[in-house]
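FYI, it's all coordinate maths here, none of it is from the lab. Keep in mind it's a predicted model, so treat the numbers as computed, not measured. Because the Cβ atoms are built from the backbone with ideal geometry, glycine has one as well, and the counts that use them run over all protein chains shown.
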Amino acid sequence: MQEYSSDPLVGTLVDGRYLIQSRLASGGMSTVYVATDRRLERDVALKVLHPHMTGDPQFLDRLGREAKAAARLSHPHVVGVLDQGEDDRVAYLVMEYIKGHTLRDVLKEKGALPPRLALALIDPVVEGLGAAHEAGLIHRDIKPENVLIADDGRIKLGDFGLARAISTSTSTGGLIGTVAYLSPELVLGRQADARSDIYSVGIMLYEMLTGRQPFDGEVPIQVAYQHVNSTVGAPSQLVPGLAAEIDELVQWCTANDPDKRPVDGYALLSELRHIRRNLSDAELDLQPPAARPALPAVPPPPGPPARRPGSPDPRGDGATEVIGGRQQPTEFIARGSNPTTVMSAAPRHPGYGPLSAPDEVPYPDNHDGRRDTDDSAVPASKRAQRKHDRDEDKARQRAAATPVRSLREGNPRRRGLIWVLVLVMAALLAGGAGWFFGMGPGSPGTIPQLENMTVAEAQQLLRTAGFQSTTQDVFHDDVAPGLVVGSEPAAGEVIRKFQPVSLAVSKGPELFPLPELVGTSLDEAKTALNGAGMALGQITETFDESEPAGAVMAQAPPSGNPVRHGTPVELTVSKGPQPLPVPDVRGQEQGDAVKAIEAAGLKAVISPETVFDRTVPKGSVVAQDPASGNLTRGGAVTLTVSKGPRLVDVPSFVGKQVDEARKALEALGFEVQVEDILGGFFGTVRYQDPVNKKVPEGSVITLTVV
């Protein structure tokens, strides 16, 4: 955090409630400060709009409505909007203050990220975005700077509510957003919806995987032009070996046509987590190479990304169609260095929801009507599916070509007896099968509800229903030991009674020992808690004379105690020695000054050198170092003692002109008092008191003038 002491708002009280402590950052629309909410005694982020944004009453009214809409959204991965108002033409938004850093800081430090880390960081962003879309909110300015990562590891998406209010307030159609992440429809001045945010997420994910943005240019309008007229290339062009599913995910999000993107954040979240579950460790931990020059953009796939090998392709096509660039010219109205256009909310548009693969997906045909078997341009997942289907076709063809052998002709009576035996056996088998599958062990039955029963009760209920069961002990945080957690198959499923039912029996919660945190730094304690699977609880800071600032002095629960995973651990952290204010003892007698310094918890040191002073009497303190501020307990304060005023010889100026005498005496450090006789017509000094003796510097010399 960097504080700008020259900012006139730092130290002021906004709206009688928010005391501005320091300045965090400033942009084209607003400045963000850290402020203290004096009513609730907590730190908040105060976004103050620049004066040119606050001259329109309709805009301020619109900003209030947007802030109220954003404030209704409560989600662990969205920065909360707490308040909004005006104070003497200062319009502001109050938001949750997240102490930490941004995703931009991570990208600056690390560059391209491994897929595992990139997908883990983007997951809570997409989850928070999905909640916002479900509530009818569109962000419009997704970028790494708006992804906040708290010191305790929480990830939140910030800055909801401002872009729409500002974009709808400009008569010229000002485009609000960062050009590197703008969707084509926003650049073209069309309506924005949830899919516009998805495009920005795709651009951001591309940057996280490759360490660079897909489009660049010398001026922002060149970047905006590429968003409209180019397509985002596959990240694997810059990161060889990157899984094809990740390429397809990025290009699905960044399709030029909004209808070919995920419909909203939750639709994207479903596919994102599917990919994270199914990629191998080697694919997730792929280390990206150093940043490379930009490669030409290629057309994106026409639909959502493909599944893993063995799953059907949700798009149902295997070919990639090259789409020509747009011919319609794009108009921009410049504001600063960014291309601008109008943004407004749009209804949710139907599109791809959470991917669910169909049972059968036909392959595309060639132009001559034959099935396309050229796999060279098809992703690996589709090639595996095609090979599987071709092998099945060959097996069916071989089976169809095998002749079926018939019984040899023989004695008709024997053949009749054989048929009678066959029919009898068939009847017996049919009857047995009917009993087996109708009333016997093969009959269907529904698994009953067994949760929170004892093992004996659950087994008896299963036996009554005709099932046989086995048990398996498992840890469970909520079900008491010895009670049934659930069954496999689950309650409500219909199975044959000869199929076994496995009961999961609770062993109670799994407990883990807490690590020793006392004596470590706060950062080390956080790392240890993360490694042990525990949560960081409340942090209490206190002054301590022996422990350095940032050291953990106590923890609750204490170390060694077995607790559940996720248990919050409260920490008491030292703020270091308490600062003590230095009292001002200048002008006090030396003994009194020493007592005052020692009473404040400090140490008085008397300077060996004394000094003359015309105003401070001898034996009193004339100076101290330091004169103010704070010291820690036992800190030294040096006192300089006065020798009193200096004694100076007073020469005689009798018979001399009064002006000459005045200047000379004042130069010696005296004060001069003139008394005129007969109006002082001649200006000559007749008498002087005192004269020709030593007196203290600063004494009054009286001149009688005629």
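Each residue of segment 247-261 is assigned a 3J(HN,Hα), and the resulting list reads 3, 5, 4, 4, 6, 5, 5, 9, 4, 4, 7, x, 5, 9, 9 Hz, derived from the Karplus form 6.51 cos²θ - 1.76 cosθ + 1.60 (θ = phi - 60°), x at Gly and Pro.
Distance between the 7 Å Cα→Cβ label points at Arg646 and Asp151: 5.4 nm. Highest average first, the peptides 449-455, 42-48, 262-268 ordered by how many other beta carbon atoms sit within 10 Å of their residues are 262-268, 42-48, 449-455. The ranking of Lys663, Lys656 by Cβ neighbour count inside 10 Å, starting from the fewest, reads Lys663, Lys656.
In this simple spin-label model, placing a label point 7 Å from the Cα along the Cα-to-Cβ direction at both Ile539 and Val455 gives a separation of 4.6 nm. Beyond a 20 Å Cα-Cα separation, which of these cross-linked pairs lie in this structure: Lys68/Lys143; Lys603/Lys643; Lys99/Lys575; Lys595/Lys618; Lys108/Lys260; Lys618/Lys694? Long pairs (Cα-Cα over 20 Å): Lys68/Lys143; Lys603/Lys643; Lys108/Lys260.
Please compute the net charge surrounding Leu93, taking Lys and Arg as +1 and Asp and Glu as -1 over other residues with Cβ under 10 Å from its Cβ. Write out the running numbers ahead of the final one.
Details: positive: Lys47; negative: Glu66, Asp83, Asp159.
After counting each charged neighbour, the total is -2.
Fewest-first ordering of Met53, Met204 by other beta carbons within 10 Å of each residue's beta carbon gives Met53, Met204.
Compared with the direct C-alpha span, the chain from Ile606 to Asp88 gains 181.2 nm at full extension, assuming 0.36 nm per residue.
Provide the gained length on full extension for the span Ala599 to Lys656, in nm with one decimal, where the gain is 0.36 nm per separating residue minus the Cα-Cα distance. Before the final figure, lay out each step's value.
Working: separation 57, 0.36 × 57 = 20.52 nm, distance 5.67 nm.
Result: 14.9 nm gained on full extension.
Taking other C-beta atoms within 10 Å as the exposure proxy, Ile701, Ile149, Ile122 rank Ile149, Ile701, Ile122 from fewest upward.
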